[in-house]
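Contents: one structure, followed by commentary.
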Protein chains: 2
Amino acid sequence: MATMTAEQRRSAAKAAHEEYMATCPTHQLLDIMSAKWASLILIELAGGTRRFADIGRALPSASAKMLTQTLRSLERDGFLTRSVTPAVPVQVEYTLTPMGASLIPLLAAAKDWADANIGAIHSARARYDADNA
Amino acid sequence: MATMTAEQRRSAAKAAHEEYMATCPTHQLLDIMSAKWASLILIELAGGTRRFADIGRALPSASAKMLTQTLRSLERDGFLTRSVTPAVPVQVEYTLTPMGASLIPLLAAAKDWADANIGAIHSARARYDADNA
């Protein structure tokens, strides 16, 4: 049986870890959560079914194009459903799926942690920058 | 007293929301957590103080340059401390601060949710793409 050199062992460990990183579920989740508007849309829908115009009013600094893209991405990932009622004008509504609803406590915990600690983070940054100026 | 037009009201709401978004604590936290390697470094340090080489072995697909940058950023934000012991060779150790340690349960909850739901997310994507092909 061939024995690997230290260099070959390092190379194999690097390749295995790269493969893990490419498929790491937590990383994929953080990418989804940190996409601009995604978390805010989910939190808005935690209050119940919303029409497109409702979401636009709740997030007035998001462009209609960004909202459309983000809603489509969240629908594709299974966090919400989009239903179209034929009417004049056509009525489009968005509702959290059970999976989408199950993410809300995690978003709420992230919000609580952030609200409690953002001041300390900014203070730490100011101290670090003063010490390393 | 001057009354705002509907357009002025929308414009004021948009400006206020843009300002909120620019300083939103949750968004800043999600940016920190989703930075490549940041969460994995914090989780590694949850096991105790680590030397630079220990972290490199735990995350073999991260380059030394990326690890150095990410450790510096986490130190700047107050999540960890870096201590240098004069020795030959110099010994550099990283330790979670209390604030850094307080983020670990949230990272663990994100990991649990992701592990439980990543399969459903991928299934939803495949269904959506098949329906919209």
Within the bounds of the range B:59-79, is there any residue that is more than 10 Å from every other protein chain (Cβ to nearest Cβ), touching a Ser or Thr at 6+ places or on another chain (Cβ under 8 Å), not in a helix (DSSP H, G or I) and not charged (D, E, K, R)? no
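Within the range A:19-35, which residues are touching a His at 6+ places or on another chain (Cβ under 8 Å) and more than 9 Å from B:Ser34 (Cα to Cα)?
Within the range A:19-35, the first condition is being touching a His at 6+ places or on another chain (Cβ under 8 Å), and the residues that meet it are A:21, A:34.
Hit for the range A:19-35 is A:Met21, nothing else.
For the range B:36-58, give me the residue count where each residue is in a helix (DSSP H, G or I) and over 16 Å from the mean Cα position of the chain (by Cα). Give the steps one after another, and end with the answer.
Here is the first cut: in the range B:36-58, the residues in a helix (DSSP H, G or I) are B:38-45, B:52-58.
Restricting the remaining residues to those that are over 16 Å from the mean Cα position of the chain (by Cα) gives B:52-58.
The total comes to 7.
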A:Thr95, sole failed condition from (1) within 12 Å of A:Leu42 (Cβ to Cβ); (2) surrounded by 15 or more Cβ atoms within 10 Å (Cβ to Cβ); (3) not charged (D, E, K, R): (2)
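Determine whether A:Met33 is within 8 Å of chain B (Cβ to nearest Cβ), in a helix (DSSP H, G or I), closer than 27 Å to B:Ala16 by Cα and out of contact with any strand residue (DSSP E or B) (no Cβ under 6 Å at 6 or more places or on another chain). Reasoning before the result, please.
Working: within 8 Å of chain B (Cβ to nearest Cβ): yes; in a helix (DSSP H, G or I): yes; closer than 27 Å to B:Ala16 by Cα: yes; out of contact with any strand residue (DSSP E or B) (no Cβ under 6 Å at 6 or more places or on another chain): yes.
The answer is yes for A:Met33.
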Given (1) surrounded by fewer than 12 Cβ atoms within 10 Å (Cβ to Cβ); (2) closer than 30 Å to B:Leu29 by Cα; (3) of a type outside the set (A, V, I, L, M, F, W, C), number of the condition A:Gln28 does not satisfy: (1)
Regarding the range B:102-123, can at least one residue be identified that is more than 12 Å from every other protein chain (Cβ to nearest Cβ) and out of contact with any His (no Cβ under 9 Å at 6 or more places or on another chain)? no
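Quick check on this structure: which one of A:Ala13, A:Ala87, A:Ala6 is in contact with a helix residue (DSSP H, G or I) (Cβ under 9 Å, 6 or more places away or on another chain) and over 23 Å from B:Glu18 (Cβ atoms)?
Only one candidate qualifies: A:Ala13.
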Determine which single condition B:Ser39 fails, assuming it passes every other condition in (1) crowded, with 16+ Cβ neighbours inside 10 Å; (2) more than 8 Å from every other protein chain (Cβ to nearest Cβ); (3) not basic (Lys, Arg). (2)
Regarding the range B:43-50, can at least one residue be identified that is within 13 Å of another protein chain (Cβ to nearest Cβ), surrounded by 14 or more Cβ atoms within 10 Å (Cβ to Cβ) and touching a residue at least 60 places away in the same chain (Cβ under 8 Å)? yes
Kindly establish whether B:Ala13 is facing another protein chain (nearest Cβ under 9 Å) and in a helix (DSSP H, G or I). yes
Please list, ordered by first then second residue, the pairs with beta carbon atoms under 8 Å, 6 or more apart or interchain, first in the range A:1-23 and without any contact (Cβ under 8 Å) to a residue 12 or more places away in the chain, second loosely packed, with under 12 Cβ neighbours inside 10 Å and not in a helix (DSSP H, G or I). A:Ala12/A:Met4
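Would you mind stating whether B:Ala108 is surrounded by 13 or more Cβ atoms within 10 Å (Cβ to Cβ) and modelled with pLDDT under 95? Before you say what the answer is, go through the steps one by one.
Numbers: surrounded by 13 or more Cβ atoms within 10 Å (Cβ to Cβ): yes; modelled with pLDDT under 95: yes.
Yes: the conditions hold for B:Ala108.
The values are calculated or read from the model by the stated rules, or taken from the named source; none is laboratory data. If you're wondering where the values come from, they're calculated on a predicted model, not measured in any experiment. For neighbour counting, all protein chains shown are included, and Cβ atoms are generated from backbone atoms with ideal geometry for every residue, glycine included.
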